[in-house]
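Undergrad: Structure incoming, see below.
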Amino acid sequence: MKNILFKEALFLMFFSMVSVAIKAQLADTLQPYSAYWFIDELLEWDVSKDADAIYNRSFTSLATKYYNPDFKVNSHARANEAKVEVLPIFAPTSSNPSQGSLVKDYYAFTYWQYCDLMVYWGGSSYEGMIVAPPAPVIDAAHRNGVPVYGTVFFPPMAYGGKREWVSQFVQHKDGIFPVADKLIEVAKYFGFDGWFINQETGKKGEVEQDFALAKAMQEFMIYYKKHSDLSIQWYDAMLNDGTVNWQHEINDRNQMFFQSGDTLVSDQMFLDFRYNSENLRRTKKKVEKLGRNIYDVYGGIDVQNNGYETEIGYTYPQGANFNVLFPEGESHAASLAFYVPSWTFSSAKNIYDFYQRESRFWVGEKGNPAKTETSHNWKGVAYYVPAKTAVTKKPFVTNFCTGHGEKYFRNGEDVTSVHWRNGWNNLSLQDIQPTWRWVVESEKLSIGYDFTDAYNGGNCLEIKGYSNENDIIPLFGTRLDVTNSTVLRIGCKKLSHSDVNLLLTFENGKEKIIPIYESNGEEWCLDSFNIGNYEDQKLCRIALMLGKGQNHHVRIGQLSVIDRVSSLPSVSGFSIEEKAEIKHGVLNMRVKWERLNQDVFYYRIYKINANGQKSFLGGTTSNACFLPMVPKRKDEKLTLAIEAVGMDYVLSPFSLLEVE
């Protein structure tokens, strides 16, 4: 955006050049990368000729989110008003692996419960200005009920932008906009929900107006909306005369990119960071006159440099306009958009520091969405908006996996590959995360993620400490129909002799307490409980209830609500697409299989070792996977195994593949 410091722009350009050089050097390793283009490249893009395309494709449908006012934990938060958008930087535009990579240090965003929209931020004048989100980001977002947009970024001329790119973008003939058609094709194929258009390329001195160019841009957007069910968000920069001048509000100069008469032009507009209360007051008046919702307008807050240390007030670039967006005691003035909230990762010392920073950013310095009152300026997002849940459909299964870790576990067994010395990341394997993180009364009690152990994935949930009272820790808000075959399952390790129970709450106010029985601390215990006697009710909340006056230490590795009837998934056509020896005794491979007509959570691929044990190699929701760093001695018989993980976490039989 326009306020990136010049030295930062130079750094980003240098970093981009290095990334492109690295990608060229690694071209023979088979590593697929996420997609980005200049306009001419996009127009030439053909999915049948893009060898990486299938590796960037998400098959995870967008979950429905729900807010239940009966379980509002923060009285200050206002429901059904402002929405929250994030524009994080996950990786550079180029050299961004399609299906994760072999490092645990990664921006694994998990606070989806406060998020209504994600823009995958990227693009540069050096690498490419059109960026599609990679499949792992789409998978994690959709699983947690959040739509994802790709980015079209026309940089300011100071950062390499070219005015001819804008003209090229809106080129049309006989009412057809070929670039719009390509944007639709890309989003439909890869499985994301729309595009964020940031047109900031002006002319030197802005002395020349170009009304025709502005009109063409408007017609481009109308064409895009007419020919798809995809969304579009417009950034407040370009005006009706074709010049670039940030308005910080919707007015007669930029309204044409938001609404034209009865015609919707863009689904949302992002206001630049310098808005004030008067800007938003005028915007609301304008928006209501147009018949639109003020919460389709997002006020930007730039947290790239200082995160939650960003000062509160109208003093950009250090200022965050919380007081303007969320006036005390009044309705929210507009929705909120965070620019580069991934500061929590880029500023962190390690993975645990990252989660502490994320917690403070989203729920405040006390790490409790129910206790956000503080003398610090940054109260956390939970102070302003309540959490929503994506647990609205059965089967519901979570292993609490955040999508990265030091190890990988399968049904409690450590199956980490010997070459994964730096851990792994793959957001396609991220589960739905708890709705409230964390509502805890006892000060000596802690709850969080443990990355040393897991049931499936790279981490589990761990509760440790002393409870003064019968602590009730809400985990998931839900909206699940209960039938006579509904079963709740929990996988846990009780490492202390204490009373730990599940507390279920139903829509009629009835509650059910399920004791978690003693288990061997060295082994995971998986228990099932029939809750069918609450047939025709809705399950509304799942909480933990801890015994009073006890020291607790328990790990929870899986939680699910399913119906007994399930179909066994299967895999067919498992084969090698390509393989390459990247160094002596180590292979990179591309494998593929048929995608059958069945619901699959994701697929997991392993190496079968000589002793019969398995080593995890990769996972995806697609039907092709890149397998990095697969060890194979010259005289070794290499056997790969793939399994389909059903939506209720029923596992298919292994399909085996012998590698010559």
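The values are calculated or read from the model by the stated rules, or taken from the named source; none is laboratory data. Quick caveat: nothing in here was measured; it's all calculated off a predicted structure. Because the Cβ atoms are built from the backbone with ideal geometry, glycine has one as well, and the counts that use them run over all protein chains shown. These accessible areas exclude ligands, DNA and RNA; they are computed on the full protein's heavy atoms, side chains included. Shrake-Rupley method; radii C 1.70, N 1.55, O 1.52, S 1.80 Å.
Undergrad: Is it the case that some residue within segment 59-68 is within 24 Å of Thr389 (Cα to Cα), touching a His at 6+ places or on another chain (Cβ under 8 Å), at pLDDT 95 or above and of a type in the set (Ser, Thr, Tyr)?
TA: In the first step, residues of segment 59-68 are kept if they are within 24 Å of Thr389 (Cα to Cα); the result is 59-68.
Keeping just the survivors that are touching a His at 6+ places or on another chain (Cβ under 8 Å) gives 60-63.
Checking which are at pLDDT 95 or above leaves us with 60-63.
Then keep just the ones that are of a type in the set (Ser, Thr, Tyr); that gives 60-61.
Yes; the residues of segment 59-68 include at least one that is within 24 Å of Thr389 (Cα to Cα), touching a His at 6+ places or on another chain (Cβ under 8 Å), at pLDDT 95 or above and of a type in the set (Ser, Thr, Tyr).
Undergrad: Something else: Quick one: what pairs do we get from segment 296-313, first residue more than 16 Å from His332 (Cα to Cα), second basic (Lys, Arg) and open to solvent by 10 Å² or more (accessible area, probe 1.4 Å), C-beta under 8 Å, 6+ apart or different chains?
TA: What qualifies is Gly307/Arg357; Tyr308/Arg357; Tyr308/Arg360.
Undergrad: Next question, about the same structure. Among (1) open to solvent by 60 Å² or more (accessible area, probe 1.4 Å); (2) in contact with a Gly (Cβ under 6 Å, 6 or more places away or on another chain), there is one condition Glu288 misses while meeting the rest; what is its number?
TA: Among (1) open to solvent by 60 Å² or more (accessible area, probe 1.4 Å); (2) in contact with a Gly (Cβ under 6 Å, 6 or more places away or on another chain), the lone unmet condition for Glu288 is (2).
Undergrad: While we're here: Within the set of pairs 6 or more residues apart or between chains, which connect a residue that is within 13 Å of Ser342 (Cα to Cα) inside segment 111-130 to a residue that is at pLDDT below 95 and open to solvent by 10 Å² or more (accessible area, probe 1.4 Å) with Cβ atoms less than 7 Å apart?
TA: Gly122/Thr93
Undergrad: Identify all residues within segment 624-638 that are surrounded by 12 or more Cβ atoms within 10 Å (Cβ to Cβ) and either modelled with pLDDT of 85 or more or within 30 Å of Phe190 (Cβ to Cβ) (or both); write none if there are none. Reasoning before the result, please.
TA: Initially, segment 624-638 is screened for residues surrounded by 12 or more Cβ atoms within 10 Å (Cβ to Cβ), giving 624-632, 636, 638.
Listed by number, the residues that qualify are Ala624, Cys625, Phe626, Leu627, Pro628, Met629, Val630, Pro631, Lys632, Leu638.
Undergrad: Only residues that are more than 23 Å from Thr398 (Cβ to Cβ) and either modelled with pLDDT under 95 or aliphatic (A, V, I, L, M) (or both): list them for segment 106-121, please. Walk me through how you get there before you give the answer.
TA: To start, the set of residues in segment 106-121 that are more than 23 Å from Thr398 (Cβ to Cβ) comprises 119-121.
Correct list: Val119 only.
Undergrad: Which residue out of Ile432, Ile463 is of a type in the set (Val, Ile, Thr), in contact (Cβ under 8 Å) with a residue 12 or more places away in the chain and either assigned to a strand (DSSP E or B) or open to solvent by less than 10 Å² (accessible area, probe 1.4 Å) (or both)? Explain how you work it out, then say what you get.
TA: Working: Ile432 fails: either assigned to a strand (DSSP E or B) or open to solvent by less than 10 Å² (accessible area, probe 1.4 Å) (or both).
After ruling out the rest, the residue left standing is Ile463.
Undergrad: State whether one or more residues within segment 332-344 are open to solvent by 30 Å² or more (accessible area, probe 1.4 Å), more than 25 Å from Ala79 (Cα to Cα) and in contact with a Phe, Trp or Tyr (Cβ under 7 Å, 6 or more places away or on another chain).
TA: In the first step, residues of segment 332-344 are kept if they are open to solvent by 30 Å² or more (accessible area, probe 1.4 Å); the result is none.
Looking for residues that are open to solvent by 30 Å² or more (accessible area, probe 1.4 Å), more than 25 Å from Ala79 (Cα to Cα) and in contact with a Phe, Trp or Tyr (Cβ under 7 Å, 6 or more places away or on another chain), one finds none in segment 332-344, hence no.
Undergrad: In segment 642-656, is there at least one residue being assigned to a strand (DSSP E or B), open to solvent by less than 10 Å² (accessible area, probe 1.4 Å) and either among the acidic types (Asp, Glu) or out of contact with any strand residue (DSSP E or B) (no Cβ under 9 Å at 6 or more places or on another chain) (or both)? Steps first, answer last, please.
TA: So in segment 642-656, the residues assigned to a strand (DSSP E or B) come out as 642-646, 651, 655-656.
Checking which are open to solvent by less than 10 Å² (accessible area, probe 1.4 Å) leaves us with 642-646.
With either among the acidic types (Asp, Glu) or out of contact with any strand residue (DSSP E or B) (no Cβ under 9 Å at 6 or more places or on another chain) (or both) added as a condition, the list becomes 643.
Looking through segment 642-656, at least one residue is assigned to a strand (DSSP E or B), open to solvent by less than 10 Å² (accessible area, probe 1.4 Å) and either among the acidic types (Asp, Glu) or out of contact with any strand residue (DSSP E or B) (no Cβ under 9 Å at 6 or more places or on another chain) (or both).
Undergrad: When you check Ile582 against the structure, is it in contact with a helix residue (DSSP H, G or I) (Cβ under 6 Å, 6 or more places away or on another chain) and of a type in the set (A, V, I, L, M), yes or no?
TA: Yes, satisfied.
Undergrad: Turning to a different aspect of this structure: Would you confirm, using the coordinates I've provided, whether Asn279 is in contact with a helix residue (DSSP H, G or I) (Cβ under 9 Å, 6 or more places away or on another chain), open to solvent by 10 Å² or more (accessible area, probe 1.4 Å), outside any helix (DSSP H, G or I) and at negative phi?
TA: Details: in contact with a helix residue (DSSP H, G or I) (Cβ under 9 Å, 6 or more places away or on another chain): yes; open to solvent by 10 Å² or more (accessible area, probe 1.4 Å): yes; outside any helix (DSSP H, G or I): no; at negative phi: yes.
So Asn279 fails the test.
Undergrad: Pull out all pairs, ordered by first then second residue, where Cβ-Cβ is under 9 Å, the residues are six or more apart or on different chains, the first lies in segment 369-396 and is over 29 Å from Gly491 (Cα atoms) and open to solvent by 40 Å² or more (accessible area, probe 1.4 Å), and the second is assigned to a loop (DSSP other than H, G, I, E, B) and of a type in the set (Ser, Thr, Tyr).
TA: Asn377/Thr310; Lys379/Thr372
Undergrad: Scan segment 252-260 and tell me whether some residue there is assigned to a loop (DSSP other than H, G, I, E, B), without any contact (Cβ under 8 Å) to a residue 60 or more places away in the chain and over 22 Å from Leu230 (Cα atoms).
TA: In the first step, residues of segment 252-260 are kept if they are assigned to a loop (DSSP other than H, G, I, E, B); the result is 252-254, 258.
Now narrow it down to the ones that are without any contact (Cβ under 8 Å) to a residue 60 or more places away in the chain: 252-254, 258.
Subsequent filtering for residues that are over 22 Å from Leu230 (Cα atoms) retains 252-253.
So far as segment 252-260 goes, yes, one or more of its residues are assigned to a loop (DSSP other than H, G, I, E, B), without any contact (Cβ under 8 Å) to a residue 60 or more places away in the chain and over 22 Å from Leu230 (Cα atoms).
Undergrad: Against the condition under 23 Å from the mean Cα position of the chain (by Cα), closer than 25 Å to Thr344 by Cα and not basic (Lys, Arg), how does Ala63 come out, does it pass?
TA: On the way: under 23 Å from the mean Cα position of the chain (by Cα): yes; closer than 25 Å to Thr344 by Cα: no; not basic (Lys, Arg): yes.
Considered against the rule, which asks whether it is under 23 Å from the mean Cα position of the chain (by Cα), closer than 25 Å to Thr344 by Cα and not basic (Lys, Arg), Ala63 comes out as no.
Undergrad: Same structure again: What is the residue count in segment 435-453 for residues that are farther than 27 Å from Gly145 by Cβ and either modelled with pLDDT of 95 or more or surrounded by fewer than 19 Cβ atoms within 10 Å (Cβ to Cβ) (or both)? Quick ask: steps written out before the conclusion?
TA: Within segment 435-453, the first condition is being farther than 27 Å from Gly145 by Cβ, and the residues that meet it are 441-446, 452-453.
Checking the rest, the ones that are also either modelled with pLDDT of 95 or more or surrounded by fewer than 19 Cβ atoms within 10 Å (Cβ to Cβ) (or both) come to 441-444, 446, 452-453.
Result for segment 435-453: 7.
Undergrad: Restricting to segment 66-105, and then to whatever is part of a strand (DSSP E or B) and under 30 Å from Lys394 (Cβ atoms), can you tell me which residue is nearest to the chain's Cα centre (by Cα)? Please lay out each step first, then the result.
TA: Initially, segment 66-105 is screened for residues part of a strand (DSSP E or B), giving 66, 84-87, 97-98, 100-101.
Those still in the list that are under 30 Å from Lys394 (Cβ atoms) too: 66, 84-86, 100.
Values: Tyr66: 17, Val84: 13, Glu85: 11, Val86: 9, Gly100: 13 Å.
Top of the filtered list is Val86.
Undergrad: Moving to a separate point now. Among residues belonging to segment 282-315 that are closer than 19 Å to Val385 by Cβ and part of a loop (DSSP other than H, G, I, E, B), point out the one that is modelled with the lowest pLDDT.
TA: Here the residue is Thr310.
Undergrad: Pull out all pairs, ordered by first then second residue, where Cβ-Cβ is under 7 Å, the residues are six or more apart or on different chains, the first lies in segment 169-198 and is aromatic (Phe, Trp, Tyr), and the second is open to solvent by 50 Å² or more (accessible area, probe 1.4 Å) and modelled with pLDDT of 95 or more.
TA: Going by the 7 Å Cβ cut-off, the qualifying pairs are Tyr189/Arg57; Phe190/Arg57.
Undergrad: Across segment 239-263, what is the total count of residues that are touching a strand residue (DSSP E or B) at 6+ places or on another chain (Cβ under 9 Å) and open to solvent by 40 Å² or more (accessible area, probe 1.4 Å)? Lay out the reasoning, then the answer.
TA: Going through segment 239-263, the residues touching a strand residue (DSSP E or B) at 6+ places or on another chain (Cβ under 9 Å) turn out to be 244-250, 254, 257-258.
Add one more test, that the residue is open to solvent by 40 Å² or more (accessible area, probe 1.4 Å), and what stays is 245-246.
Count: 2.
Undergrad: Also, quick follow-up: Keeping to segment 108-147, report how many residues are closer than 17 Å to Ser58 by Cα, touching a Leu at 6+ places or on another chain (Cβ under 8 Å), β-branched (Val, Ile, Thr) and in a strand (DSSP E or B).
TA: The total comes to 1.
Undergrad: Can you tell me which residue among Asn508, Asn611 is more than 24 Å from Asp414 (Cα to Cα), part of a loop (DSSP other than H, G, I, E, B) and free of Cβ contacts under 8 Å to residues at least 40 places away in the same chain?
TA: On the way: Asn611 fails: more than 24 Å from Asp414 (Cα to Cα).
Asn508 is the lone residue from the list that is more than 24 Å from Asp414 (Cα to Cα), part of a loop (DSSP other than H, G, I, E, B) and free of Cβ contacts under 8 Å to residues at least 40 places away in the same chain.
Undergrad: Now, a different point. Can you tell which of Leu546, Leu539 is open to solvent by less than 40 Å² (accessible area, probe 1.4 Å), aliphatic (A, V, I, L, M) and touching an Asp or Glu at 6+ places or on another chain (Cβ under 6 Å)? Quick ask: steps written out before the conclusion?
TA: Details: Leu539 fails: touching an Asp or Glu at 6+ places or on another chain (Cβ under 6 Å).
Only one candidate qualifies: Leu546.
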